[in-house]
Amino acid sequence: MGVDVVRLGAKPVSIIRLGTWEHDSIERYLLFDAVVPVLVAAVVRWLSSRASINASRRMYTGPRLCGSDNLLEWAAVSAVAVRQLSAYLASTRNQYYGLFGHMVFAFVVANLCTAITQTYWSFFVPEQWNTPMWGTGVSAESALLEIRLVINTAATLLLLVVRKLPKPGSTDDTPLTSFEETEQLLDQELVDSSTHVRQRRLSTNLVTRRPSPEIGNSILSNALFCWVGELITLVQRRRPQIEDLCDPPHKYSLDASWKRYCNSAQRRDSLVRQLVTAFRYEILAQVVLNPLSVALDYMQPVLIQQLLRFIACYSNDPSIGLRYGFFLAIAMLFSSLAATAVQQQQDWGARTLLVHIRNTLVALLTRKTMRRRTKGPAVSNGLSRGHGASDASEGRAYNILSSDIQRMSNLIKLVRASMLMPIQLLIGAYYMYSLLGVAGILGTLILILAVFMTRRLIARAKRIEVKLGKINDHRLATINEVVRGIVSVKLFGWGSRFVDLIGRRRNSQLVMLWKRAKVRSLINLCTLGSLPFVSFATFLVYSLQHILDAESIFTAIAVFKIIQRSVESMPLLIADSTSFYVSFRRIETYLTQQEVQPLETRAAPDVAQDVVGFENATLLWNGSAHSDEPLGEETFGLRDLDVQFPCGGLTLIGGPTGSGKSSLLAALVGEMELVEGHVRLPVAPDTDYQLLGSLSSTVIDNIAYVPQEPWLRNATIRDNILFGEPFHHERYEHVLHMCALLADLHTFVAGDMTEIGERGITLSGGQRQRVALARAIYSQRKILLIDDCLSAVDAHTASHILHKCLLSANELMSGRTCLLVTHHMAMCLPHCDFVVLMQGGRIAFQGTSAEALVAMSGKQITGLDATTPKSSPDKLPEQHEEDVVIRTDHTPSSDVDGDADLSYGDPSSRINSSVSMANDVALVHGKLVQEEVRSHGLIKLKTWKMYFAPCGGWKFVLACLGCIGATQFLAMYKDYYLAKRLGSEEGTGTSYILPESPASVMSWLVVYLSFGVLSAIISSLALLLTYSGSLKASATLHELLISSIVNAMPRFLDTTPIGRIMARFTRDIQAVDDEIMLGLNNIMRPLISLTITLITISSVVPPFAIVGLLVLALYAHFTWRFIKALRNSKRLESTTFAPIISLYSEMIPGSDLIRAFAMESAYMSEMEQRYSAFLSADFSRRSMSRWMRIRIGIVSSFVTFITAWFILVNIDTISSGLAGFILIYTVNFWADSTVIVRKYGDLELSLNSVERIHQYLDIDHEAPSQMPSDGALAPGWPNTGTLDVHGLVAGYTERMSVLHGLSFTVGHGKKIGVVGRTGAGKSSLSLALLRMIEASSGSIVLDGVDIANVGLERLRQSITIIPQNPILFNGTIRFNLDPFGDYSDPLLLEALQRTLLLKGLPADENSSVAAFGSLDDLIADGGQNLSLGQRQLVALARALVRRSRLVIMDEATASVDFETDESMQRAIRGVEFSDSTLLCIAHRLRTIVDYDYVLVLDEGNVVEFDTPARLIQQKDGYFYRLCENSNEFEMLQALAYRSIQD
C-alpha cells in the first residue's frame, strides 16, 4: 500500500503498487473478473489435452479441442486487442504505455504452448510422420489444430508488439516538462521547507537530455532493443553531443543505486556482502537466466543428434519423408533465437548489475574523499621509504578512481563464469554420459582435472597482479607529482631526469607485464591443450566397445565445443578475475583510510552561532586519539588550548614559523583530531538535499575558511568567489574592491569570467590569495578564519586589505568575527581586538594588543616582529594620481605578480562600469580550458601505423596473422579429418567406421590428437607474440607521452586539466598494455573459423554461396551502422569521464576547505551531475552493443536454419559425417560472428586510446633541452654571475609582449632587489631568465654567453630559482633536496642546518621550524605535513645545495616569520651565496633594502636601477613611494643608510 515516486524524464511519476486497489479498480476488475477465470480454464484445457494422449506418448488421440467456442473466445480477445491498438496508434508516445498486464500475456503464452505441444504429438512423432498436415487428405481436426496454433501465435505476437496501458491514477500520461519547469522543480527540491535557504550548487548549467526510449516499449521492442535504432541513427549521422544522448531510466541512476545500497547494506558486513545484499534481485535474475541460457545452448547438440539420427534413418528408409527433418531445422531456428534473446537479456542484466555496483563504488569513493584526511603529518603514516609509495597518495587515489573502477567491468565475466561454467560442466557431463556412457564421464573428468592442474599458475598470476598494482601506483604517483609540479620540474631543469625516473618505473612495470604474459600463455597452453586429450581419451575408450558413428561423435564434439568456449575463456577469465580481485581490495583499502573526526564528537554542545574557541583542548595531527600509547612531546600537536575568541572583532594569531598558527585554524575546521576537551564552534543540522546521503548529522555552520595555501576550483574567477552562493551584483562589486581585485580584472580579456585553470595555475600567488579571501568575504558566514592572506602581497596591498576589508565597518563586515593568522604583527597589532601568540603548539599569550606589545617587546615570544608602525593607523597612506593605472593591453594572467592593486578607488564608481561583467566576446577569450578534442570517423591509418611500427611493422602483423591462422586451421582440420574418417561406406548409405583393429583406431585418433595439440602450442606462441608486440608498442608510446608532457609549452599545461593528462597515463595506457593485441587475436580466430565454415558449406552445397553473400551483406550493414555509432559513443564516453577525474582533482586536495564551508552536498551533487553525463554515454554504448548482438544472433540463427535446410534438400549427396562437421561449426556461427563484431568494436575503442595519446604527442613543445653548442661551453659554466640584459622584449605569445626593451647589467656577486607594482613584469623577468618565456628580440647574456644558444636543461640547471609556492614530492627529504643523488649527505645536512630545518642541534634545538631529524624523514604529497613556511625553507635548502652562480628568489620567505626571515637573509649573505649573483623579488621591502642594487619595474620597463640609499632619497621616485606606503619608511631608510656604512 502506498506510492513510490521516481523521476521519469524531468517530472516525478507515481507508480501505484499492486495492493493499492482503491486507486486501481480497472486492474482489479481485469485480474479477478477476466484473467483468473480464463487462466484457470486454460490450465484445465491443457490438463485435459495431456490426459487425451495415450500411455505410449506417441499418438495424439484426444477429442477435438479447437471448436467454435475456442475460436469465438480468441476472436473476442483479438477484437479487444485491435481496439486497444487503435487507441495506442492515436495517442502520443509518452502518453501511452501499452495494453495488457503480465497475467494476460501468461495466459496467451500458455495457450500457445498447449497448441504447439498438441501439434507436435499430432504430426511430428515417428508414428505420425505420414499424417497429412495440409492439402489432400487433411482431417478437420488437423485443420482446426493448425488454426488454433495460428490464432495463438498471432495473439502472442500482438501482445509482444503493443505496449501496456497506463494504470488509473498514474501520471505516466503527463507530458514531459520543459527546461524551465525542470529548473523550477530542481529549485523547489533544493529549498529547505523550514529555513527556506536555497542549497548551493557549483554548476548552474544543467544539461537536459532526452528521456530513455526504453521506458514504455513493447516486450518485443525491449527484447530486440528496437528502441536503440533511433539513437544509432542519430549518432551515426553526426558527431553527438551530451545533450543528444538519452538519460538512462531512473533505476540505473546513481541516486537509485545508492538508495538501494543504503536501505539494504549492513555496516558491519564486508563490502562484498553489502553489495550482494543490496543488489540481490539482479543477482537472482542471473541465477535464473544463466541456467536457462545453458539449457538453450545444449538444445543445439540435442537437435544436431536428432538430425544426424534422422539422416541415418532416411538413408535406410527414404519413404519416411523429410517432415521431421524440416521440423528439426525449424526447431534449431527457434531454439537459437531463444538462446540469443535469453543471452542478451542475461548480458543486459549482468551489465545492469555492473552499473549498480559501479554507481555504489563511485558514491562510496566520493563520500570517502569528502571525509578522508589529507592534511598534516597523519597523511604520512602510510608512506614507505620509496618515493611515491604512499598508499594515501593522490596518485593512488587517481588510479583507484580511474583504472580500478573501470576494471569493475570484469564483474560481468565473473558473474557469468561463476554461474555458467559449473552448470555447463554438470549438464555436459550428464549429456556425455547419456551419449557415450562411461567414456563421456571420463572425458569430462579429465577436462575438470586439467582445469585444476592450473591452480599454481593461477596463484602465480594473482601474485603478479598484486605486484603490478603496487608498481603502477608508484608510477602514477610520480607522474601525478611531476605533472602537478611541472613548473618546478622545468625551472630546475629536471625534466629529462624525471623522464628517466618514470621510465625506470615503467620498465619495472613492463617486466611484470611480460611475466604475466608468460603465465597467461602457459595457462592458455594447459587449457587448450587439454581439450584434444579429452576428445582423444573419450573416443578411444568409447571405441573399445562401440562403433564410432557420426551421431555420437559429432554430438559429443558439439557438447565439447560448448564446454570448450568456457575453457578457452578461462585464461583471460583468470587474468580478469585476479585484476578484479586486486582492484577490489585496493578500493576496500582506500575506503578504510583514516577520516577526519566526526563533528559530533569534537564540537562542544549548545554553542551559540557566533562563538568560536577551545575548552582545555588537546589536538593531534597524527591520529593518535584512539591509541593507548602515551602522547609524547615529539608528537606535534596543539596542547592545553583554552581560549574563546571575541565575537565581532579582529583577532590576531601570531608566532614563529612552525609554532602551530595554521594548525589552530585547521583544528577549528576539523582537520586535527581532538584528544581531550572541546572545540567551540557553531554547528547546524545537515538539512541540504543530498543525492548520496548526508556525511554527518551536523555540519560546520557560519564559518568561512581561507587556508594559507589558497585552494581554487578549475572554473572562472566569478565561480570561485561565488562558490555556490547566488550572485548579487552590488555585493560582488564591493567584495572585489575590498579584496583589491578590480584592477586585476582589467588585465584579463574576459574580466571575472576568465577561467583560471586547476588550482588557479594561471594566477599569481597574490591573486590566488585575494580570490580565496574574496570567496570568504562574499559568503554570508559570520566567522572568518584567514590564514596569512597578507604574505603574498606587497605592503601597500596588505594595508588596503587590512583597512578596506578586514577592518571595514560597512555592511559586509559588520558584526563578523575574524581570526587572522599573520606575521605582519606590526601592521595589524594596533587595530586588533584580541591577540593570541603561539609557541611550540601551545598558547604562549592571549590578551589585548597593548598587552601583546609588551610581551613581544620583552622577547617573551620569539620569532615575532615587535616594531610598531610610525604612520597613522587610522588612515591609508596617501594615494597618488600616478598610482592609478588602467591597463589597456591584455597582459596574460601569468604575468600578474600579485602585488598591490593598481587602483582601488571607490566601488560605487565601478559598479556602473561593471569591470567584472564580461561581454560575449570576452567570454570566448576567457575560456581557458577548451572542450576536449574528439576524433570522428574511422580510425586513421596513421594511428594503426603508430601502434604497429614499434612492434615490427608489417612483418610482425603477418607473423601474428600466420600463427593465428595456423592455430584455427589446425583446430578445424582435426574435426574435418574426423568427418572424413566417418564417411559413409560407398554404396550402402550407412554412416559408421568399419570395424577396425584397435591399432588402426589408435593411429587415426593419434593423428586427431596431434592436430589439436599442435594447434594449442601455436595458439600459445601466438598469444606470447602478440603480448610482446603489445608491450613494445606500449613502452614506446608511454615514453613518447611522458617526454611530450614534460617538454610541453607552459601554456598547454595551464589550459589542460590534470584529469585529462592523467587519463592518458591510466585508462589509455592500460588499454594499450592489455586490450589492443588481445582484441586482434580474439578477432582473427573466429574470423578465420567463420571464413572456413562458409567456404566448406559452399563447396558442399554451392547454392549456399548466395546465402553466404547475403549473410555477409547483412553483417556488413549492421556492423557498419554499429561501429560508426559505437565509435562516436565511446569517444563521447571518454570525454565525459575526464570531468569526473578533474572534479576529483579538486576534491582530493581541497576537501578541508569544502568541509569548512559545508559544501560537501554541493560537491556530491556536482559529482552526480557529471557522473550522470558519463552514465548516459555508457548506457548508450551498452544498449548499442545489445542492439548489434541481437541482430547478429538472428541472422546467425537463420544461417543455421538455412544450412540444415540445404542439408535436407541434398540429403542424398551429403554423408552424415560431413553433415555433422558442417552443423557443429554452423551452430557456432552466431558465437563467432558476435565475437568478431564485438571485438572489432572493442579494438577500435582501444585504438581510440592510441588516438588520444597521439593528441598529446602533437602539441607545441619548448626549445630543445640540449643543443650542440652546449659542448662548446666552458667547464662549469657559468663561472661568474655576470648578467647583461639588453633590449629584452618578451611575452607569453608572439603578439603580446610584457617586457618592453629591458636593459641593465649586473656584476658578479651582486645582490639585486626587484620591486614593482602589479603587472610590472617582475615574475616575467625571472621566467625570461630561465626561458620559460622566449625573447622575441634583445638578448640575455650570462657569463659572456647568450642564453638563447644554450639548451634549456643546461641553462636551468645552471640557475637556481626559489619560487613563492614550492613544490615538494612524496618521499624523503633527501629525495626532495637531491632527487638524483648528485650531492653528498653532509652537504644536504648542512643545507638543512643553515635553513633551521634540522632538529637536535644545540643552537637550534628550540627552533619551531625544525622538522627533520635525518635525511630519511618523509614528506607527504605536496608537503602536506609541513607548513608553507617550512616548505619555503626546504626550497631555500635546495638552492643552498645547488650553489648556482645566479640565484633568483621569488618571495621565497613570504610565509615565514620576520625572525626566521632575518636568519634566512643572513644565510643568503653567507658563504653559500657569497660567490653568486642574487635577484630577489620581494614584497617585504625590508628584505631587499640593504641589497647592493634595487631594480624597479613598471609595465615591463626599467624605471629605476640604483642603490637603495640613493633611490630612497628621490622623493619623486617609484621606490620612495613604495617605501612610504609600506608603514615602515623610517626603518627602511635606516637600513638603507646602514648598508652604505657597512
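List of remarks:
- Search result, residues across the range 230-264 that are under 19 Å from S1129 (Cα atoms) and charged (D, E, K, R): E230, R237, R238, R239, E243, D244, D247
- Some residue of the range 782-802 being among the charged types (D, E, K, R) and open to solvent by 10 Å² or more (accessible area, probe 1.4 Å): yes
- Out of L525, L619, one residue alone is assigned to a strand (DSSP E or B), at pLDDT 80 or above and of a type in the set (A, V, I, L, M, F, W, C). It is L619.
- Test: residue in the range 1281-1295 that is outside any strand (DSSP E or B), open to solvent by less than 10 Å² (accessible area, probe 1.4 Å) and at pLDDT 85 or above: yes
- Any hit, the range 121-139, residues being within 26 Å of A223 (Cα to Cα), open to solvent by 50 Å² or more (accessible area, probe 1.4 Å) and either at pLDDT 70 or above or among the hydroxyl-bearing types (S, T, Y) (or both): no
Let's see how each residue does on (1) more than 30 Å from I1069 (Cβ to Cβ); (2) of a type in the set (V, I, T); (3) not in a loop (DSSP other than H, G, I, E, B):
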site: F1198; (1), (2), (3): yes, no, yes
site: D1212; (1), (2), (3): yes, no, no
site: A1219; (1), (2), (3): yes, no, yes
site: D1242; (1), (2), (3): no, no, yes
site: L1247; (1), (2), (3): no, no, yes
site: S1269; (1), (2), (3): yes, no, yes
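- Looking across L271, L308, one residue alone is within 28 Å of the chain's Cα centre (by Cα) and either surrounded by fewer than 18 Cβ atoms within 10 Å (Cβ to Cβ) or of a type in the set (A, V, I, L, M, F, W, C) (or both). It is L271.
- Selection of first residues in the range 1412-1431 that are assigned to a loop (DSSP other than H, G, I, E, B) and of second residues that are of a type in the set (S, T, Y) and open to solvent by 20 Å² or more (accessible area, probe 1.4 Å), restricted to Cβ pairs under 9 Å at least 6 apart or on distinct chains, gives the following pairs, ordered by first then second residue: A1420/S380; Q1424/S380; N1425/S380; S1427/S662.
- Of everything listed in (1) free of Cβ contacts under 8 Å to residues at least 60 places away in the same chain; (2) out of contact with any helix residue (DSSP H, G or I) (no Cβ under 8 Å at 6 or more places or on another chain), the single unmet condition for D1074 is (2).
- Condition met for F1011 (within 30 Å of N1228 (Cα to Cα), open to solvent by 10 Å² or more (accessible area, probe 1.4 Å) and among the hydrophobic types (A, V, I, L, M, F, W, C)): yes
- Matching residues in the range 743-763 - criterion: being open to solvent by less than 10 Å² (accessible area, probe 1.4 Å), in a helix (DSSP H, G or I) and either within 23 Å of S1142 (Cβ to Cβ) or of a type in the set (D, E) (or both): D744, D752, G760
- Scan of the range 549-564 for residues that are among the hydrophobic types (A, V, I, L, M, F, W, C) and either open to solvent by 10 Å² or more (accessible area, probe 1.4 Å) or under 20 Å from P422 (Cα atoms) (or both), ordered by number: A556, I557, A558, V559, F560, I562, I563
- Given (1) open to solvent by 30 Å² or more (accessible area, probe 1.4 Å); (2) in contact with a Gly (Cβ under 7 Å, 6 or more places away or on another chain), index of the condition L1126 fails: (1)
- Here the range 564-611 is the region considered, the condition is being modelled with pLDDT under 75 and among the β-branched types (V, I, T), and the residue that is farthest from W621 (Cα to Cα) is V567.
- For the range 338-368, filtering for residues that are over 23 Å from V287 (Cβ atoms) and surrounded by fewer than 23 Cβ atoms within 10 Å (Cβ to Cβ) leaves 4.
Residue-by-condition table, conditions (1) in contact (Cβ under 8 Å) with a residue 24 or more places away in the chain; (2) in contact with a Lys or Arg (Cβ under 9 Å, 6 or more places away or on another chain); (3) under 16 Å from R1191 (Cα atoms):
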site: L1090; (1), (2), (3): yes, no, no
site: S1099; (1), (2), (3): no, no, no
site: F1104; (1), (2), (3): yes, no, no
site: A1116; (1), (2), (3): no, no, yes
site: W1120; (1), (2), (3): no, no, yes
site: I1123; (1), (2), (3): yes, no, yes
site: R1127; (1), (2), (3): yes, no, no
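- Top-ranked residue in the range 1357-1379 [being modelled with pLDDT of 85 or more and open to solvent by 40 Å² or more (accessible area, probe 1.4 Å); ranked as nearest to the chain's Cα centre (by Cα)]: R1374
- For the range 1058-1065, the count of residues that are open to solvent by 10 Å² or more (accessible area, probe 1.4 Å), modelled with pLDDT under 85, of a type outside the set (G, A, S) and within 22 Å of the chain's Cα centre (by Cα) is at least one.
- Among the residues of the range 1331-1352, at least one is open to solvent by 10 Å² or more (accessible area, probe 1.4 Å), of a type in the set (K, R), in a loop (DSSP other than H, G, I, E, B) and under 22 Å from S1444 (Cα atoms).
- Given (1) surrounded by fewer than 23 Cβ atoms within 10 Å (Cβ to Cβ); (2) over 15 Å from I1340 (Cβ atoms), number of the condition I1312 does not satisfy: (2)
- Test: residue in the range 487-508 that is open to solvent by less than 20 Å² (accessible area, probe 1.4 Å), in a helix (DSSP H, G or I) and touching a strand residue (DSSP E or B) at 6+ places or on another chain (Cβ under 8 Å): yes
- With respect to (1) assigned to a helix (DSSP H, G or I); (2) under 35 Å from the mean Cα position of the chain (by Cα); (3) surrounded by fewer than 23 Cβ atoms within 10 Å (Cβ to Cβ), the lone exception for A537 is condition (2).
The values are calculated or read from the model by the stated rules, or taken from the named source; none is laboratory data. None of these values were measured; they are calculated from a predicted model. Counting neighbours? That spans all protein chains shown, and the Cβs are built from the backbone with ideal geometry, glycine included. Calculation scope for accessible area: heavy atoms of the full protein, side chains included, ligands and nucleic acids excluded. Shrake-Rupley method; radii C 1.70, N 1.55, O 1.52, S 1.80 Å.
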